[in-house]
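Structure first, commentary second.
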Amino acid sequence: MYSIAIDGPAGAGKSTIAKAVAKEIGFIYVDTGAMYRALALYFLREGVDGHDRERIAAACPDISVTIDYDEDGGQQIFLNGENVTSLIREEEVGKMASTTSAIPEVRAALLELQRGMARSANVLMDGRDIGTNVLPDASLKIYLTASDDVRAKRRYDELTAKGIACDYDQIREDIIARDKQDMEREIAPLRQAEDAVLVDSSELSIEQVIDKVIAEFEKIK
Ligand code: DC
C-alpha cells in the first residue's frame with residue numbers, strides 16, 4: 001500500500017495538483033481540508049464562537065463527517081448525512097476551519113477517519129499535517145508552496161473568473177493571516193516534514209508541478 005502526503009499553505013494549489021496526480025496514478029484523493037471545513041460549517045450554523053473550546057469539544061461527539069466518491073473519483077463530503085460538498089468552499093468556512101482546527105478535540109475527531117482511509121487503499125492525502133502527523137510513514141511527502149503574491153494572485157483570478165468581486169490586497173492579507181494561524185497553533189501546526197520534498201510552484205505551471213510530483217513518486221515506487 002502506498003500513501004502520498006501533500007501539505008502546504010493556503011492557495012498553493014494543493015487540491016488541483018493532488019486531484020490530478022491521484023487520477024493519473026489511480027489513487028484515492030483525500031481532501032482533509034474539506035473535513036475540517038464540514039465541521040466548521042456545523043459550528044457556523046450553530047452560531048458557535050470558533051474559539052469556544054468547551055462548547056466545540058462538547059459538540060464533536062454529535063457530529064459525523066463521512067466521505068464518499070462519485071464515478072469520477074470526486075470526493076463528496078457528508079455532515080451528519082447531508083451532502084455539504086458545495087457548501088464548504090466559502091471564504092467564511094475556510095476561516096472558521098482554520099480557527100476550529102486548532103482545537104484538539106476537533107483534530108482527534110478526524111484523525112482516525114484519515115488514518116483509516118490510508119489503511120484501506122492507496123491514497124493521496126492533502127492538508128496541513130499529513131506528512132508530520134497523520135501519516136508520518138507516508139511513502140512520499142511533498143511540501144507544496146508558492147510566494148504570497150502568487151497565491152493571492154491565483155485566488156484573485158479564480159474569484160474574478162467566477163464573476164465574484166474581490167480585492168487583491170484583502171485576499172493577500174487573509175491568506176497570510178490564515179497561514180499564520182495554521183503555522184502557530186500548538187497542535188499539529190503546518191510545517192514541512194523533515195523528509196518532505198519541497199516544491200515551490202511560484203514559477204511553475206500546473207502541468208509542471210503534476211509532472212514533478214509524479215516523477216518523485218516514480219523514484220520511490
Ligand atoms: O486546505 P483548506 O483551505 O481546505 O483547509 C481549511 C483549513 O482547515 C486550514 O486553514 C487549516 C485546516 N486544516 C488543518 O488544520 N489540517 C489539515 N490537514 C487540513 C486542513
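No lab work stands behind these numbers, since they all come straight from the coordinates. What you are looking at is a predicted structure, and each value in this text was computed from that prediction instead of being measured. Backbone-built Cβ (ideal geometry, glycine too); neighbour counts: all protein chains shown.
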Among the residues of the stretch 155-200, how many are free of Cβ contacts under 8 Å to residues at least 40 places away in the same chain, surrounded by 15 or more Cβ atoms within 10 Å (Cβ to Cβ) and charged (D, E, K, R)?
1
Being in contact (Cβ under 8 Å) with a residue 60 or more places away in the chain, in contact with a Leu (Cβ under 9 Å, 6 or more places away or on another chain) and not in a loop (DSSP other than H, G, I, E, B) is the requirement here; does K95 meet it?
no
Please state which of the following conditions A138 fails to meet, knowing it meets all the rest: (1) more than 14 Å from the ligand (Cβ to nearest atom); (2) assigned to a loop (DSSP other than H, G, I, E, B); (3) surrounded by 15 or more Cβ atoms within 10 Å (Cβ to Cβ).
(1)
Of the residues in the stretch 201-221, those that are within 23 Å of D137 (Cβ to Cβ) and touching a residue at least 12 places away in the same chain (Cβ under 8 Å) number 7
Please determine whether any residue of the stretch 63-71 is surrounded by 16 or more Cβ atoms within 10 Å (Cβ to Cβ) and either near the ligand (Cβ under 10 Å from one of its atoms) or free of Cβ contacts under 8 Å to residues at least 24 places away in the same chain (or both).
no
Being surrounded by fewer than 24 Cβ atoms within 10 Å (Cβ to Cβ), over 9 Å from the mean Cα position of the chain (by Cα) and within 14 Å of the ligand (Cβ to nearest atom) is the filter here; which residues of the stretch 18-42 pass it?
K19, Y29, L41, Y42
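Take E112 and tell me if it is closer than 30 Å to A165 by Cα and either more than 10 Å from the ligand (Cβ to nearest atom) or in contact (Cβ under 8 Å) with a residue 24 or more places away in the chain (or both).
When the stated conditions are applied, E112 does not pass them.
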Selection from the stretch 49-59 of residues that are among the hydrophobic types (A, V, I, L, M, F, W, C) and surrounded by fewer than 17 Cβ atoms within 10 Å (Cβ to Cβ):
A57, A58
What residue, of A118, A102, is assigned to a helix (DSSP H, G or I) and either within 30 Å of K221 (Cα to Cα) or within 10 Å of the ligand (Cβ to nearest atom) (or both)?
A118
How about the stretch 93-144: which of its residues are closer than 22 Å to I210 by Cα, more than 14 Å from the chain's Cα centre (by Cα) and of a type in the set (G, A, S)?
A118, A121, A138, S139
Subset of the stretch 105-115 [charged (D, E, K, R) and within 29 Å of F217 (Cα to Cα)]
R107, E112, R115
If you go through the stretch 157-174 one residue at a time, do you hit one that is within 17 Å of the chain's Cα centre (by Cα) and aliphatic (A, V, I, L, M)?
no
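Hey, any hits in the stretch 78-87 for a residue that's of a type in the set (V, I, T), part of a helix (DSSP H, G or I) and in contact with a helix residue (DSSP H, G or I) (Cβ under 9 Å, 6 or more places away or on another chain)?
We begin by selecting, within the stretch 78-87, every residue of a type in the set (V, I, T); these are 84-85.
Next, from what is left, pick out any that are part of a helix (DSSP H, G or I): 85.
Narrowing the set further to residues that are in contact with a helix residue (DSSP H, G or I) (Cβ under 9 Å, 6 or more places away or on another chain) leaves 85.
So far as the stretch 78-87 goes, yes, one or more of its residues are of a type in the set (V, I, T), part of a helix (DSSP H, G or I) and in contact with a helix residue (DSSP H, G or I) (Cβ under 9 Å, 6 or more places away or on another chain).
Condition test on G50, is it more than 14 Å from the chain's Cα centre (by Cα) and within 13 Å of the ligand (Cβ to nearest atom)?
It is true that G50 is more than 14 Å from the chain's Cα centre (by Cα) and within 13 Å of the ligand (Cβ to nearest atom).
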